[in-house]
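The values are calculated or read from the model by the stated rules, or taken from the named source; none is laboratory data. Bear in mind that the values here come from a model prediction, so they are computed numbers and not experimental data. Glycine gets a Cβ as well: all are built from the backbone with ideal geometry, and neighbour counts include every protein chain shown.
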Amino acid sequence: MSYICNMLSSPEKVETDKALQTIGLDLMFSAPQKRMHAEGVTYIELSRKYDIKIDIVKKKLKILQEKGIVRSIGVSPKFWRFDEYNFQKMNEDDPVYKLLCSNFCEIDFDQFFNY
């Protein structure tokens, strides 16, 4: 929790974090039919798909994992999946929840639904 609070005071705020929003929405709309692996998505796949540095993808996944809305499966490679149940239990005032549920004007949802 303190990591999120520290992040809010940094120049890269959660409210405007496009990488966090993109990764969160990708995992949210990830369907088994479009994944390379049934277990989930790797951070390398996310990095390549959205042209985001691997270190940044790892940091964003850690933030989402600390919030309980994504979980990892396996060790090498580590697969990531969205946890719909925990997402529904999140506080609506949470900055990460707001990021994933608002500001959709600039989001191209076709990127999440192309198979």
Say we look at the range 1-59 and pick out the residues that are under 24 Å from TYR85 (Cα atoms) and of a type in the set (Lys, Arg); which of these is modelled with the lowest pLDDT? LYS34
Selection from the range 37-55 of residues more than 13 Å from LEU27 (Cβ to Cβ) and crowded, with 17+ Cβ neighbours inside 10 Å yields SER47, ILE52
Residue pairs meeting the criteria (Cβ under 6 Å; at least 6 apart or on separate chains; first of a type in the set (Val, Ile, Thr) and buried (at least 16 other Cβ atoms within 10 Å of the Cβ), in the range 72-91; second in a strand (DSSP E or B) and modelled with pLDDT of 90 or more): none
Could you run through the range 60-70 and say how many residues are basic (Lys, Arg) and either surrounded by 15 or more Cβ atoms within 10 Å (Cβ to Cβ) or at pLDDT below 95 (or both)? 2
